[in-house]
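Here the structure comes first, spelled out in structure tokens, and everything after it is commentary.
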Amino acid sequence: MYCWSLLQERLDTRIAPWRKRSSGTGSNSEYPVRRKSSVSEAMKVSGTGSESDPTIVVHVRNSPCASSTSSASPPSLAPLAAQRPNRLQHARTLTALYTARELIARILPPQSPELSFWDDVLREASDETSDSNLSSKEYRATIVVYAVDEFSGGDALVSALLQDPFSPEVENVRISSRWEGHEQDTRLDIEYASSSNGDTKSDSEGASLSSSHALRVSSSFLASLPSPVQLIELRPTRELSEDNLRLLYTARIPIILLNPLTTPLMTLSPHTSSNRKATVLPYPLPPHSLLLITSPSTISTSSSVPPTVFELGVSPNRVLLVDPARALSSIRALRANRSDALHIQHYSDDALGSGLSMFRRHLQSVPTSSQKGDALVSAAVGMLRSSLESAEAELREASSLARTLRSETAREKEDARRAVFGPAKEPVVLDGLTPSQPGSTAKTGRPPADDNSNKVRAVMASADGAVRPVLDSLTWWRVLWAPDEVGWRMRQAVRDAWVGRIASGLLPALAALPSTQTTTLARALSRTAALPQALRSPVLLNALRQLAHAPSFAVDPRAPLAPLERRLARLLDAGPTAALARGAQVLLLRVAGSVGAGVGTGTGALVLAHGVGEAAGAGLLVAAAGVRWAIGRWDKVRKGWRADWGRVREAAERDVQAALDEALEKQVLIVPMQAAEGIESIVVKREDEIRQLRREVDKLGAVASDTQNLADRGPNTN
């Protein structure tokens, strides 16, 4: 209790003089304002607070309480607990930042500029939040002003923000010409100083982001802010460097100023533009950013702001309409004559109409490191969702590529079949009439296919025209004179039909298979290699190249004719032709035997004394019956050969079609078919991954939103 009483006594002694000075001002002395040498003039201009209400900072050192080891009473624990930072107050923010860094490493392509940028931004926010969580030291906040182009009025806005009508003219001129001597620089650091001593290097204790010289100005605006601030002005440009872009996103208050006449809102962020390369900023804006739109009429509400603005990622209440030229004109009008009522009215009207007062009120509440971390997590969630949407678009593109490969494969297969078998016949649709009724009209999608377009049928009909006359010429009386030539003549007729009719008629239609294979192979490999990096599979490409270099990959145009050739070979050698040759020889033996039997029967009848006439008749009857029986057996053999030839003709189309389909699937079109199957399997696997990642991103977005809402309701502590 003694220590607490001593501390209270010392505080009363230090504060008593200030209470006497401010007793008649009527200001709220309980709200401390950081005081500098020019703070009185700042209060006159801004009208916020009293002239005599500075911040009182008390350092207690070497007091008797510092070395006391006695048990602390409850009154002495309250101030110490208030000064000691709570190490768990930013745990949710730090967890969200860690989760966001983990997700960007899993979603964004490795070694990509986006991954490097967001990893650096989130890591810096995490380090800053951790430092503020473990230490009560006050860090200098950064405000970055970025004008998209020179027509946005960024120079006038910063000048109006820093200048003071009651400051010395030298100070205002120095602010107006702040870029002189920095023509090669892309940024200008501005800090507060109680008196202008020129450009000095940034102190090591602050949050200075570079070792460049900082412009120190005695600005009432910088003095009125609740915490130390470093104002960084970026040179107007539509293409920010990587360092300046990182500086903008890691600022406590990023300020983006644009003129919608020269920079449409649709081109500011990827959220509102379909062409990501044409946008000014490559990533969505954090919710804690301030978006200033240059407008001659700044008296507006959120309902008058274009709907496109709310898709940029910025909170709706942080979108302001400003007129920088009018704001600067108001300060110059009051500086010209501070006592004239007309100039004062001009200053009041322009200061209010330019939106500068509203802008300054927004800058009075600087987000904490935790709030900035939550805002960056929200921006990262928006970026991750956009990346997942891009990944889903790539999946749709890959699925479309797989469907295209399958469609092209089916088309090539249909073209190869059509070249051999002609167009497929379509079912006939009648007008409610039967085919037998006169006047019936058939409606089809295209003209009926011509049977002559089926080359297999055509060549087999031509072969049949070459083989059948030879078979028909083998009558029994001709065979009796040359029975040994029957087999040779039929084999020669079949060989002539194969070489001259079948092979020569089908090979031209099959000659396009090697070129089709080469074309589809090159197309499938090039399209598979052109897949997005996340879907590109070296394993799939290697498997396709192995198929292309396999010994069985090369296609022979004669391969589809092999089954037909085997059937004809069986017909020639050990099949019906051999039976036909044997039948010719048996025919000769049977006719000779029948004649001999007839002679024998006649001789026997004559011996039995039946008479010459009866004996001759009996012999002729037996001979005629035997010859007729032999001729019937020969005709049966010929009919059997003709039936086998007919079965070969009927099976020719089926055999060639089966062999052609096998060659197309296992040789000609195997690479695009395997490529389509591989891409589809990759797409299915990637869809599952994206579905899981989207659930995690949505969960992170909900956590970041809840954390940000809790931070907005909680105390504004660093």
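The values are calculated or read from the model by the stated rules, or taken from the named source; none is laboratory data. For clarity, every value in this text was computed on a predicted model and none was experimentally measured. Cβ atoms come from the backbone with ideal geometry, glycine included; neighbour counts cover every protein chain shown. SASA here: full protein model, heavy atoms, side chains in, ligands and nucleic acids out. Shrake-Rupley method; radii C 1.70, N 1.55, O 1.52, S 1.80 Å.
Points to keep in mind about this one:
- Single residue of the stretch 518-539 satisfying the filter (assigned to a loop (DSSP other than H, G, I, E, B) and without any contact (Cβ under 8 Å) to a residue 24 or more places away in the chain) that is farthest from Arg106 (Cα to Cα): Ala530
- Every pair of residues 6+ apart whose Cβ atoms lie under 7 Å, when the first sits in the stretch 476-499 and is under 14 Å from Ala581 (Cα atoms) while the second is of a type in the set (S, T, N, Q): Pro483/Gln585; Gly487/Thr577; Met490/Thr577; Arg491/Thr577
- Check on Val595, under 60 Å from the mean Cα position of the chain (by Cα) and either in a helix (DSSP H, G or I) or surrounded by 19 or more Cβ atoms within 10 Å (Cβ to Cβ) (or both): no
- Here Arg406 meets the list (1) closer than 30 Å to Tyr283 by Cα; (2) of a type in the set (D, E, K, R); (3) touching a residue at least 12 places away in the same chain (Cβ under 8 Å) almost entirely, failing just condition (1).
- Among the residues listed as Ala584, Ala562, the single one being modelled with pLDDT of 80 or more, closer than 18 Å to Glu485 by Cα and among the aliphatic types (A, V, I, L, M): Ala584
- Conditions (1) under 30 Å from Ala402 (Cβ atoms); (2) open to solvent by 70 Å² or more (accessible area, probe 1.4 Å): number failed by Thr520: (2)
- Remark: pairs (first residue in the stretch 540-566, outside any helix (DSSP H, G or I); second residue surrounded by 11 or more Cβ atoms within 10 Å (Cβ to Cβ) and small (Gly, Ala, Ser); Cβ separation under 7 Å; 6+ apart in sequence or on different chains) = Val555/Ala663; Pro557/Ala511.
- The stretch 69-143 holds helices (runs of 4 or more DSSP H) entirely within its bounds, and those carrying 2 or more residues that are modelled with pLDDT of 90 or more map to 91-107, 113-134.
- Residues satisfying the criterion are present in the stretch 242-254 (criterion: part of a strand (DSSP E or B), β-branched (Val, Ile, Thr), at negative phi and touching a strand residue (DSSP E or B) at 6+ places or on another chain (Cβ under 9 Å)).
- Residue that is surrounded by the most Cβ atoms within 10 Å (Cβ to Cβ), among those in the stretch 395-417 that are more than 19 Å from the chain's Cα centre (by Cα) and closer than 10 Å to Ala676 by Cβ: Leu405
- Tally of residues being closer than 19 Å to Gly153 by Cβ, free of Cβ contacts under 8 Å to residues at least 12 places away in the same chain and of a type in the set (S, T, N, Q) across the stretch 312-344: 0
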